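Encoded as structure tokens, the structure appears first; notes follow it.
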């Protein structure tokens, strides 16, 4: 299938590894001009080199609104514009109500909600002017089914989902779609850090295995595509059937 996005320009946050890297890789395969960011020069330059000679590496810390806005501005300057925004960031530390301090919720909000909101404010006005744009946020299945010991992530990402749904409805008539992908367990470094034995974690997944980041990237690329122009306001699980909810 021709996704119709060759030549489009994408800013993919936190893409030095993991799911962000996989999304950038899938977009590059579709002929998209991509700018990626990470917090460390050496790491993001190495990732960009692996992705392709045309990929632009940018150093940015998207855990803060200022860093997130700066990434989008730098991507716009490097690419001449941003047609596709893929908002992504690492997760906050694990914890429960009994172990997490009150101030840590604000830190989690900055990382997994406020930073994406800031990226949208920086990128969306230009998309509305052009009457074409794609916003895709990588969140978590926790927004549908809270994950034990991840109370910070559960809370912050649920708030972001409310923002994204509202934004999607406000700008749909401008040719700009807003969606989120809810990853379950995929073979990334974060999963390894949270699960001593990812193989055992896969036992609770109906598909019988943890996900391949490359497959996740292809799903993301479709939601950024021209054929997906009528898909907006969705929060789509990519989790091997782990979410037991009806909708």
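The values are calculated or read from the model by the stated rules, or taken from the named source; none is laboratory data. Just so it is clear, the structure is predicted and the values come from calculations on it, not from any experiment. Here the Cβ positions follow ideal geometry from the backbone for every residue, glycine too, while neighbour counts run over all protein chains shown.
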Tally, over the stretch 52-66, of residues that are surrounded by 17 or more Cβ atoms within 10 Å (Cβ to Cβ) and in contact with a strand residue (DSSP E or B) (Cβ under 9 Å, 6 or more places away or on another chain): 8
Flag for residue 138 being touching a strand residue (DSSP E or B) at 6+ places or on another chain (Cβ under 7 Å) and closer than 30 Å to residue 244 by Cβ: yes
When residues of the stretch 195-220 are limited to those that are touching a strand residue (DSSP E or B) at 6+ places or on another chain (Cβ under 9 Å) and exposed (fewer than 15 other Cβ atoms within 10 Å of the Cβ), the one modelled with the lowest pLDDT: 212
Matching option when the condition is part of a helix (DSSP H, G or I), in contact with a strand residue (DSSP E or B) (Cβ under 8 Å, 6 or more places away or on another chain) and surrounded by 18 or more Cβ atoms within 10 Å (Cβ to Cβ), among 118, 75, 156, 108: 75
Qualifying residues in the stretch 27-43 (those that are buried (at least 24 other Cβ atoms within 10 Å of the Cβ) and not in a strand (DSSP E or B)) - the one farthest from the chain's Cα centre (by Cα): 32
Any hit, the stretch 88-96, residues being surrounded by 17 or more Cβ atoms within 10 Å (Cβ to Cβ) and more than 24 Å from residue 146 (Cβ to Cβ): no
Candidate set: the stretch 72-104, residues that are out of contact with any helix residue (DSSP H, G or I) (no Cβ under 6 Å at 6 or more places or on another chain) and under 20 Å from residue 164 (Cα atoms); chosen: the one modelled with the lowest pLDDT: 90
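Any idea which of 38, 7, 52 is more than 18 Å from residue 90 (Cβ to Cβ) and in contact with a helix residue (DSSP H, G or I) (Cβ under 7 Å, 6 or more places away or on another chain)? Working first, answer last.
Numbers: 38 fails: more than 18 Å from residue 90 (Cβ to Cβ); 7 fails: in contact with a helix residue (DSSP H, G or I) (Cβ under 7 Å, 6 or more places away or on another chain).
Going through 38, 7, 52 in turn, the sole match is 52.
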